[in-house]
Each structure stands twice: as C-alpha cells, then as structure tokens.
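Notes follow once the structure below has been shown.
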Amino acid sequence: MTSAHWDEQQAARYRAFQYDFPEKTLAGKTVIVAGGTGGLGAALVTLLAREGVRLVVGYRSNHQRAESLARAIEQQTGQSLTLVAGALCAPETRRAYLDQVRTLPGGLAALAGAAIFAGAPARTPLLELDRETMEASLQANYIGPLLLARDLGAALATTGQDAGLVLIATMQALAVFPGSVNYAGAKAALVHAARILATEWPRVRVNVVAPGATVVGMAEASVRSGKYDSALERGAIHRFGRPEDVARAVRFFLEPDNYLTGQVLLVDGGLTLRR
Ligand SMILES: NC(=O)c1ccc[n+]([C@@H]2O[C@H](COP(=O)([O-])OP(=O)(O)OC[C@H]3O[C@@H](n4cnc5c(N)ncnc54)[C@H](OP(=O)(O)O)[C@@H]3O)[C@@H](O)[C@H]2O)c1
C-alpha cells in the first residue's frame with residue numbers, strides 16, 4: 001500500500017539526485033523588520049534589501065537613526081524603506097505595520113514574514129529592582145514583541161501561505177548570567193511564548209534567534225569596555241559577534257517553506273558552551 005500523500009514524481013527526482021535549492025527566494029516579497037533601525041536589525045534590513053525584498057522597518061522614536069538607515073539603503077541598493085514609528089505595546093503601532101504592508105505591491109499576500117528585534121537592555125541590579133523597572137522590561141522585551149507576533153501571525157494565517165516569524169531573544173535567556181534577571185527573565189518568557197505561538201497557525205513558522213555579545217547596538221558599550229575580553233582571551237570565543245552573524249541566522253529562518261518551526265538558534269560563537 002502507498003500513502004495517499006506520497007509524491008512519486010518527487011521520489012523519482014531524488015532517485016536521480018535532482019534537488020531543489022532556489023536562490024533569492026524572498027526577492028519581490030515584503031518583510032517586516034520591527035526594531036530594524038538598531039545595531040542588529042539594520043544588518044538584516046541591508047541583507048534583505050540587497051536581495052530585492054520590500055521592507056517595512058519599525059523603530060520606537062529615534063527618527064534620525066531611521067532616516068539615516070533609509071538613506072544608506074537607498075544609496076547602497078536603490079530600495080526605499082517604508083518606516084513605521086512607535087512602541088510595539090501600542091495597538092495603533094502594530095496596526096500601522098499591517099496598514100503599510102497593505103499599501104505595498106501585492107499587499108498582505110506578498111508578506112513573507114517578519115523579524116522582531118525591538119527590545120531594551122533593562123539593566124537593573126537585583127536589589128534595585130522594583131515593579132516599574134520590571135514592567136518596563138516586560139513591555140519592551142516580552143509584551144510588545146509578543147503582541148506584534150500574535151497580530152502578524154493571525155493576519156498571515158488568513159493568506160493560507162507559508163510565512164515565517166522570527167523573534168529575537170538573547171544568550172542570557174538560555175544560560176544563567178548573574179545580574180541579568182530583569183532582562184533575561186522577560187526574554188526567557190519570550191522564548192517560551194514563541195514556541196507556543198508556533199503551534200497556533202499551521203503555515204506560520206515561529207522561531208527565535210538568541211544572539212551573544214555583538215559589537216553593535218545595545219551590547220556595543222559592554223563589549224567596548226572589555227566586559228567580554230576574558231572570554232576571548234581564554235578562548236571561549238575566537239572573536240566578538242558581528243551583526244552579520246545574527247542577520248544570516250534570521251534570514252535562515254525567513255527562508256520560505258523551510259520546515260523549521262518552534263526552534264531557538266543560539267548565535268554566540270560558543271560563549272555559553274565554553275564559559
Ligand atoms: N546587540 C547585541 O549584542 C544583542 C545581544 C543579544 C540580544 N540582543 C537583542 O537583539 C535585539 C536588537 O538589539 P540591538 O542591539 O540592535 O538594539 P538597539 O540598537 O538598541 O535597537 C533596538 C531597536 O528596537 C527599537 N525599539 C526599542 N524598543 C522598542 C519598543 N518598545 N517598540 C518599538 N521599537 C522599539 C529601537 O527603536 P529606537 O531606536 O527608536 O529606540 C531600535 O530600532 C534586542 O531585542 C536585544 O535584546 C542584542
């Protein structure tokens with residue numbers, strides 16, 4: 001007996017060692033990059049713009065940084081970015097992302113997915129933690145990103161097409177770093193929530209990238225100050241992380257129809273493994 005779902009033509013191609021590895025699969029599609037003007041997000045925006053992806057790029061309030069990224073992308077690739085400003089916790093900001101997608105060629109049907117980089121370092125020592133600092137971290141690192149993923153997932157599910165959502169956590173959500181509770185607790189919650197979201201819509205894949213210490217964005221000052229020098233000197237890592245490392249990992253999860261969902265990819269050069 002043969003399965004009703006068996007594809008004999010495909011089986012014949014594999015017997016003949018014929019495989020399908022399409023390139024530039026996101027060209028002409030739309031992708032949302034929330035927090036895409038920051039140190040890590042801007043590298044993904046650049047990678048996708050070079051591929052010919054239409055980009056809706058979000059940030060909270062730093063208009064100047066957003067405008068200079070848009071100018072740089074225009075100069076480097078000829079692509080113009082669609083910018084969305086505002087905190088992700090606000091429903092009108094989340095609606096604005098989808099409204100902008102609908103104005104672009106192909107509308108919602110052309111949306112291949114989203115990467116949600118928005119977050120805040122939330123560095124508060126344990127003994128100084130209070131309700132306000134904890135709520136601020138939860139809003140920036142958990143509530144806002146999760147609500148946007150929920151809204152986008154629900155919208156993408158209506159298209160019936162394959163799509164990918166990528167949430168950004170941190171190595172601190174997966175390994176214990178003393179003093180990181182306010183940041184790491186919210187990011188760990190995001191990792192778990194992402195895996196639950198991955199069960200929600202059959203064609204919407206939800207994955208997480210967890211960066212280590214990179215030389216840009218919110219980790220730049222710590223790396224520059226020497227905080228991770230000992231990891232380098234004892235060989236736990238052979239170099240500091242770069243924004244391109246994270247961009248490539250996120251692009252990997254955005255690849256259409258890639259058979260990966262509910263996964264967490266740690267991009268830390270081995271730091272948590274060897275420390
Ligand atoms: N850099 C690292 O080495 C590192 C390591 C591990 C994890 N991460 C994670 O990677 C993500 C990106 O980090 P990054 O270093 O690129 O940070 P970044 O340079 O500070 O950029 C953060 C981006 O998110 C936006 N944003 C912040 N809070 C927001 C909110 N409440 N609503 C909407 N947008 C908001 C910012 O907009 P504005 O500029 O307008 O504020 C900016 O576009 C974060 O989630 C972070 O936790 C970073």
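Only one residue in A43, A66, A49 is within 28 Å of L156 (Cα to Cα) and more than 12 Å from the ligand (Cβ to nearest atom), so which one is that?
A49
What are the residues in the range 115-134 that are surrounded by fewer than 16 Cβ atoms within 10 Å (Cβ to Cβ), part of a loop (DSSP other than H, G, I, E, B) and in contact with a Gly (Cβ under 9 Å, 6 or more places away or on another chain), if any?
Scanning the range 115-134 gives R123, P125.
Could you check the range 1-39 and list, in sequence order, the residues that are farther than 26 Å from A112 by Cα and among the hydrophobic types (A, V, I, L, M, F, W, C)?
Passing the criteria: M1, A4, W6, A11, A12, A16, F17.
Residues that are near the ligand (Cβ under 10 Å from one of its atoms), closer than 22 Å to V45 by Cα and either at pLDDT 95 or above or part of a loop (DSSP other than H, G, I, E, B) (or both): does the range 227-241 have at least one?
Yes: the range 227-241 contains one or more residues that are near the ligand (Cβ under 10 Å from one of its atoms), closer than 22 Å to V45 by Cα and either at pLDDT 95 or above or part of a loop (DSSP other than H, G, I, E, B) (or both).
Might you check whether a residue that is surrounded by 15 or more Cβ atoms within 10 Å (Cβ to Cβ), farther than 25 Å from E135 by Cα and of a type in the set (G, A, S) occurs anywhere in the range 248-257?
Yes, the conditions are met somewhere in the range 248-257.
Taking the criterion of being within 15 Å of the ligand (Cβ to nearest atom) and in contact with an Asp or Glu (Cβ under 8 Å, 6 or more places away or on another chain), would at least one residue in the range 27-36 satisfy it?
So far as the range 27-36 goes, no, none of its residues is within 15 Å of the ligand (Cβ to nearest atom) and in contact with an Asp or Glu (Cβ under 8 Å, 6 or more places away or on another chain).
Given the options V250, V209, name the one that is assigned to a helix (DSSP H, G or I) and β-branched (V, I, T).
So the residue among V250, V209 that is assigned to a helix (DSSP H, G or I) and β-branched (V, I, T) is V250.
Just to be sure I understand the filter: pairs with C-beta atoms under 7 Å, separated by 6 or more residues or on different chains, first member in the range 237-266 and closer than 15 Å to V206 by Cβ, second member part of a helix (DSSP H, G or I). Which pairs pass?
Matching pairs, first to second residue: V250/L44; L260/F253; G262/R195; V264/V191; L265/A249.
Could you check, for the range 197-208, whether at least one of its residues is crowded, with 22+ Cβ neighbours inside 10 Å and within 13 Å of V267 (Cα to Cα)?
Yes, the conditions are met somewhere in the range 197-208.
From (1) farther than 21 Å from R251 by Cβ; (2) under 18 Å from the mean Cα position of the chain (by Cα), pick out the condition that doesn't hold for A169.
Of the numbered conditions (1) farther than 21 Å from R251 by Cβ; (2) under 18 Å from the mean Cα position of the chain (by Cα), the odd one out for A169 is (1).
Here is a list: V181, V176. Which entry is over 18 Å from I32 (Cα atoms) and free of Cβ contacts under 8 Å to residues at least 12 places away in the same chain?
After ruling out the rest, the residue left standing is V176.
Could you list, in sequence order, the residues of the range 139-166 that are part of a helix (DSSP H, G or I) and away from the ligand (no atom under 11 Å from the Cβ)?
Passing the criteria: L146, A149, R150, D151, L152, G153, A154, A155, L156, A157.
With the checklist (1) at pLDDT 95 or above; (2) away from the ligand (no atom under 13 Å from the Cβ); (3) of a type outside the set (F, W, Y); (4) within 28 Å of V223 (Cβ to Cβ) in hand, flag the one item L81 doesn't pass.
Result: L81 passes all but (2).
The values are calculated or read from the model by the stated rules, or taken from the named source; none is laboratory data. Just so we're clear, the structure is a prediction, and the values are computed from it rather than from any experiment. Cβ sites come from the backbone with ideal geometry, for glycine too, and all protein chains shown count toward neighbours.
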